[in-house]
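J.: There's a structure below that I have some questions on.
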Amino acid sequence: MKPVMNISKAPSPSAGPPQAGLDPLGGSVGVLNGRRAPLITVDHVNKNFGAAHVLRDVCTHFNAGEVTVIVGASGSGKSTLLRTLNRLEKHDSGRIVVDGIEVCDDLKELDALRSEVGMVFQQFNLFPHLTVLENVTLAPRRVRKTPKPQAEQQAMELLERVGLQAHAHKHPFALSGGQQQRVAIARALAMAPRVMLFDEPTSALDPEMVKEVLDVMKQLATSGMTMIVVTHEMGFAREVSDRVLFIDQGRVAQDAPPEEFFGAQRNERIRSFLGQLSA
Amino acid sequence: MSILPLRLHSPWPATWSRQQRSSATMAAAALVLLLFLWGMAIPLSAAPEPIGNNAQLFAEGTRMTVLLTAVAGVAGVVLGVLAALGKTSKLPPLRWIASAYIWVMRGTPLLVQVLFVYFALPVLIPALQLSDFASACVALSLNVGAYNAEAIRAGLLAVPKGQIEAARSLGLSPGYTFIDVTFPQAFKISLPPLVNNLVALLKDSSLAYAIGVVELTNIGNRIQAATFQPLPILLTSACIYLLLTTVLTQISNAVERRFDVEGRVA
């Protein structure tokens, strides 16, 4: 089965036989279970950087198939919250459970968790010494032990999806920022993750490249992927998200659907935040 | 960059890729080195006395110098990687061991180290009575390893943190993260100082002379003692060293070019 299919709700005639853990329609089991158990639970999580208390008793959850946008002022702790979900930051207290796996220090569990959680960074972080194709195939080959021809075929399908199949044999330095970020998305998708984390994916891009990345993300959202996106792109939040989390001084200050969040906002702090963005 | 004679006319077919050119240079330089080691006595024997009649000895000495450099060079890179890993480790004991090793090997003269391994080590531990060649290899490896460690550590530290985060977030284990992501990038950064150390090692191998290893400098000295003609003999030795370091530099330039996917090496 192609990794593309794992994240697509639509049945495809070209899909192979369903694998264990995937329902015949191609959606992941989590989508079905989503109403019962959230995919990610964050329970009373605290995090300090020295004296700075960046996350204060954060409690929330993320359902399968849902697109959540996390917004907030710079330094509010939104990126830190995202990074605790796959242990790029350690939380000091509280519990985080992702797809039944508790986020902890056990290396085996951590590697298992991380291969289910895709991450896209602000600075792309492509491996500069590898070609685009090698960037995308590295993790499936090493972690999933996918044979090289199969991994390359899957990678080419993903690169086609993000519109970069023609660049497969180039090195990252030869690509524009927007193209690099799309490769980074394809690289994360190659592990067929249950959830994708985006840490300000368009903040390092020139304005004309923001759209091509957002378009790929929209397409991904339509396919049913569970997404958690830290961003300042309010248009994306309004249009694509199912839910907006506003983080203020390490707390979830508001958790609302986008219509409500961008509509008659009653919270003074959020009104002024949104006002500054549109100014 | 090609070997000197090739550079006079346009060196490469236009269709050759960077990697093909790099491979061709490495192969050509390695071939030149082997031919030189194997056949150098032939042109040397045509030289007037005292070089011509001692051509075989010069050839033997050169082979020994190259052998010392090759053995200590490879062992030195391995030691350097291990010590660099130790020094960047999260475990304090590993850091201490690596730091102490680098501290001692960089802080004492190589000549003392060579003499120590050959003469003093057997006094401490009788089982470690090594031959002159083995002693020189051990001392040179340990010495160049300490310098390599700092070069490689600088490379490791220069790899951006985001690279490791990206690799780990894909589910790659710490081992694969090192093999596939950190080390190749660190090695590329470390390459120029590593080559520096290797060239220094080639010349420092002359200190093996002190414990009687029959390498190039030792040969030169012996012939000089018999003929009392320092000028031609030392000139010959120096020229051979220069030729060896030139070939070495060509090979390492080609290696550097191979890693240079961005085309930044002029």
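J.: Kindly provide the set of residues from the range A:105-142 that are at the interface with another protein chain (Cβ under 8 Å from one of its Cβ atoms), farther than 22 Å from A:E200 by Cα and of a type in the set (D, E, K, R), ordered by number.
T.: A:D111, A:R142
J.: Now for a separate question. Please give the number of the condition A:S93 fails out of (1) facing chain B (nearest Cβ under 8 Å); (2) more than 27 Å from A:G65 (Cβ to Cβ).
T.: The number of the failed condition is (1).
J.: Which of the following residues is of a type in the set (A, V, I, L, M) and closer than 20 Å to B:A27 by Cα: B:L235, B:L231, B:L216, B:L248? Break it down stepwise before answering.
T.: Values: B:L235 fails: closer than 20 Å to B:A27 by Cα; B:L231 fails: closer than 20 Å to B:A27 by Cα; B:L216 fails: closer than 20 Å to B:A27 by Cα.
B:L248 is the lone residue from the list that is of a type in the set (A, V, I, L, M) and closer than 20 Å to B:A27 by Cα.
J.: Evaluate the range A:149-157: report whether one residue or more is crowded, with 20+ Cβ neighbours inside 10 Å, over 25 Å from B:E262 (Cα atoms) and in contact with a strand residue (DSSP E or B) (Cβ under 9 Å, 6 or more places away or on another chain).
T.: No: zero hits.
J.: A further question on this structure: List the number of the failed condition for A:D199; all other conditions in (1) within 17 Å of the chain's Cα centre (by Cα); (2) modelled with pLDDT under 95 hold.
T.: Unmet for A:D199, out of (1) within 17 Å of the chain's Cα centre (by Cα); (2) modelled with pLDDT under 95: (2).
J.: Okay, next question. Name the one entry in A:G77, A:G100 that is modelled with pLDDT under 95, touching a strand residue (DSSP E or B) at 6+ places or on another chain (Cβ under 8 Å) and at positive phi.
T.: On the way: A:G100 fails: touching a strand residue (DSSP E or B) at 6+ places or on another chain (Cβ under 8 Å).
Within the list A:G77, A:G100, the selection yields A:G77.
J.: How many of the residues making up the range A:259-272 are surrounded by fewer than 19 Cβ atoms within 10 Å (Cβ to Cβ) and either in contact (Cβ under 8 Å) with a residue 12 or more places away in the chain or of a type in the set (F, W, Y) (or both)?
T.: 3
The values are calculated or read from the model by the stated rules, or taken from the named source; none is laboratory data. Just so it is clear, the structure is predicted and the values come from calculations on it, not from any experiment. Cβ sites come from the backbone with ideal geometry, for glycine too, and all protein chains shown count toward neighbours.
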